[in-house]
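Asker: One structure, pasted below without further comment.
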Amino acid sequence: MPWRETTDPYRIWLSEIMLQQTQVRTVVPYYLRFIEAFPDLESLAEAPEDALMKQWEGLGYYSRARNLHKCAGIVVREHGGRFPSDAVRLETLPGIGKSTAGAIAAIAFGRDAAILDGNVKRVVARLGAIQGDGSRSGVKERMWELSRRIVMPGRGREIALAMMDLGALVCTPRRPDCPGCPLNGWCLALSGGAPESFPEKTPRRKRPHREAVAAVIQDGTGRFLVRKRPAGALLGGLWEFPGEFLDGDESQESALAKWGGKAGVTGLIPFERFATIRHGFTHFELRLHGWRCAVEGIVPEGAGNWVVREELSHHAFPRAHQILIEKIKEDRS
């Protein structure tokens, strides 16, 4: 982990944000490329949003990237380019929750701050045999209380790193190494004989399925029509081939016509469905249908931007649209 030995608040903050809901092995190459592109807080604050999103492309949960940009600007403008050193003030910044604030305060500044990320939540739930759904406020507060009690005065950085490693390497979700755990003498879940039953698993809700269409349109010079998603929307700040979600039993052709009507495109003719891509989001499963379309009428300026094939790689696209681009490039070869 290239961020492990540093005390630079910028790099620790960046790594903690990237590690939210993302595994270490996935984060490492993104982190290294990101640091090369934006070596310090000021360069990130001054970067165009498109450049930032391109570096984040493929890492997912894109609101993290937008909050990084906002947070960097606030720290530069309002804090003289220096992160606050205590968890309470850190938590007021965009994208920094309670556990992330504690991790930055402890690891970067040596504060005696508690943390409760996914791995640590599992450790403390087993240590205290804390029953109940960890997403509920009362259960979560009991976990926070135990996490605070574990912090040894003056050893905030070491304890935070040790707890993270303990959860990642020893107190694992399945088949934890209880004999090798340095805390096994204090673990109530182990003494009760059922460490793997903690924390209580929240039943997974079945995610609904949604269908969408994307119109791949080329003009007479070979340029493609793309649009940028609004900042507040799902995948905000990313580029995409324009399209629509299907309503109920609506046909794909009708959904394309619906987009054309909204965008003011006249004479839209879908003539080939060339790809169907499945992609999972947090709250739903998507099936995206890519359609080659011709336009015999007008494409108004507000419908999107025209870019040549080579420029597609300069923009940040969601994963499903990246696959459409790969198929377009395959067809050319």
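Asker: Identify, from the list Leu59, Leu32, Leu14, Leu44, the residue that is closer than 30 Å to Ile323 by Cβ, hydrophobic (A, V, I, L, M, F, W, C) and exposed (fewer than 14 other Cβ atoms within 10 Å of the Cβ). So that I can check it myself, show each step before the final result.
Answerer: Details: Leu59 fails: exposed (fewer than 14 other Cβ atoms within 10 Å of the Cβ); Leu14 fails: exposed (fewer than 14 other Cβ atoms within 10 Å of the Cβ); Leu44 fails: exposed (fewer than 14 other Cβ atoms within 10 Å of the Cβ).
Result: Leu32 is the single residue among Leu59, Leu32, Leu14, Leu44 that is closer than 30 Å to Ile323 by Cβ, hydrophobic (A, V, I, L, M, F, W, C) and exposed (fewer than 14 other Cβ atoms within 10 Å of the Cβ).
Asker: Does Ala87 satisfy the condition of being under 23 Å from Leu234 (Cβ atoms) and more than 18 Å from the chain's Cα centre (by Cα)? Outline the logic, then answer.
Answerer: Working: under 23 Å from Leu234 (Cβ atoms): no; more than 18 Å from the chain's Cα centre (by Cα): yes.
So Ala87 fails the test.
Asker: In the range 83-103, which residues are touching a residue at least 24 places away in the same chain (Cβ under 8 Å), small (Gly, Ala, Ser) and closer than 18 Å to Glu145 by Cα?
Answerer: Ala87, Gly102, Ala103
Asker: Of these, Pro179, Pro242, which one is modelled with pLDDT of 95 or more and surrounded by fewer than 12 Cβ atoms within 10 Å (Cβ to Cβ)?
Answerer: Details: Pro242 fails: surrounded by fewer than 12 Cβ atoms within 10 Å (Cβ to Cβ).
Going through Pro179, Pro242 in turn, the sole match is Pro179.
Asker: Go through (1) in a helix (DSSP H, G or I); (2) small (Gly, Ala, Ser); (3) under 27 Å from Met18 (Cβ atoms); (4) out of contact with any Lys or Arg (no Cβ under 9 Å at 6 or more places or on another chain) and name the single condition Gly167 misses.
Answerer: Of the numbered conditions (1) in a helix (DSSP H, G or I); (2) small (Gly, Ala, Ser); (3) under 27 Å from Met18 (Cβ atoms); (4) out of contact with any Lys or Arg (no Cβ under 9 Å at 6 or more places or on another chain), the odd one out for Gly167 is (4).
Asker: Only one of (1) without any contact (Cβ under 8 Å) to a residue 24 or more places away in the chain; (2) assigned to a strand (DSSP E or B) fails for Gly290. Which number is that?
Answerer: The one condition Gly290 does not meet is (1).
Asker: All but one of (1) within 22 Å of the chain's Cα centre (by Cα); (2) part of a loop (DSSP other than H, G, I, E, B) hold for Gly297; state the number of the condition that does not hold.
Answerer: Only one criterion in (1) within 22 Å of the chain's Cα centre (by Cα); (2) part of a loop (DSSP other than H, G, I, E, B) is unmet by Gly297, namely (1).
Asker: To continue, here is another question. From the list Arg174, Arg148, pick out the single residue that is within 19 Å of Lys98 (Cα to Cα) and either free of Cβ contacts under 8 Å to residues at least 60 places away in the same chain or among the polar types (S, T, N, Q) (or both). Explain how you work it out, then say what you get.
Answerer: On the way: Arg174 fails: within 19 Å of Lys98 (Cα to Cα).
Sole residue among the options that is within 19 Å of Lys98 (Cα to Cα) and either free of Cβ contacts under 8 Å to residues at least 60 places away in the same chain or among the polar types (S, T, N, Q) (or both): Arg148.
Asker: Select, from Ser15, Ser63, the only residue that is within 17 Å of the chain's Cα centre (by Cα), under 30 Å from Pro153 (Cα atoms) and among the polar types (S, T, N, Q).
Answerer: Values: Ser63 fails: under 30 Å from Pro153 (Cα atoms).
Just one listed residue meets the conditions, Ser15.
Asker: If you check Ala51, Ala65, which single one turns out to be touching a helix residue (DSSP H, G or I) at 6+ places or on another chain (Cβ under 9 Å), in contact (Cβ under 8 Å) with a residue 40 or more places away in the chain and over 26 Å from Asp165 (Cβ atoms)? Talk me through it step by step, then tell me what you get.
Answerer: Numbers: Ala51 fails: in contact (Cβ under 8 Å) with a residue 40 or more places away in the chain.
Selected residue: Ala65, the only one of Ala51, Ala65 that is touching a helix residue (DSSP H, G or I) at 6+ places or on another chain (Cβ under 9 Å), in contact (Cβ under 8 Å) with a residue 40 or more places away in the chain and over 26 Å from Asp165 (Cβ atoms).
Asker: Is there any pair with a first residue in the range 104-120 that is in contact (Cβ under 8 Å) with a residue 12 or more places away in the chain and a second that is aromatic (Phe, Trp, Tyr) and crowded, with 24+ Cβ neighbours inside 10 Å whose Cβ atoms are under 6 Å apart and which are 6 or more apart or on different chains, and what are they?
Answerer: Ile104/Trp13
Asker: Among the residues of the range 314-323, is any more than 17 Å from Asp219 (Cβ to Cβ), in contact with a helix residue (DSSP H, G or I) (Cβ under 9 Å, 6 or more places away or on another chain), of a type in the set (Gly, Ala, Ser) and outside any loop (DSSP other than H, G, I, E, B)?
Answerer: No; the residues of the range 314-323 include none that is more than 17 Å from Asp219 (Cβ to Cβ), in contact with a helix residue (DSSP H, G or I) (Cβ under 9 Å, 6 or more places away or on another chain), of a type in the set (Gly, Ala, Ser) and outside any loop (DSSP other than H, G, I, E, B).
Asker: Same structure again: Would you mention how many residues in the range 237-261 are over 10 Å from Val213 (Cα atoms) and touching a His at 6+ places or on another chain (Cβ under 7 Å)?
Answerer: Count: 2.
Asker: Considering each of Arg66, Arg82, Arg89 in turn, give the residue that is at pLDDT 95 or above, surrounded by fewer than 21 Cβ atoms within 10 Å (Cβ to Cβ) and closer than 17 Å to Leu44 by Cβ. Working first, answer last.
Answerer: Details: Arg66 fails: at pLDDT 95 or above; Arg89 fails: closer than 17 Å to Leu44 by Cβ.
Answer to the selection: Arg82.
The values are calculated or read from the model by the stated rules, or taken from the named source; none is laboratory data. Being a predicted model, the structure only gives us computed values, none of them experimental. No Cβ is skipped: glycine too gets one built from the backbone with ideal geometry, and neighbour counts run over all protein chains shown.
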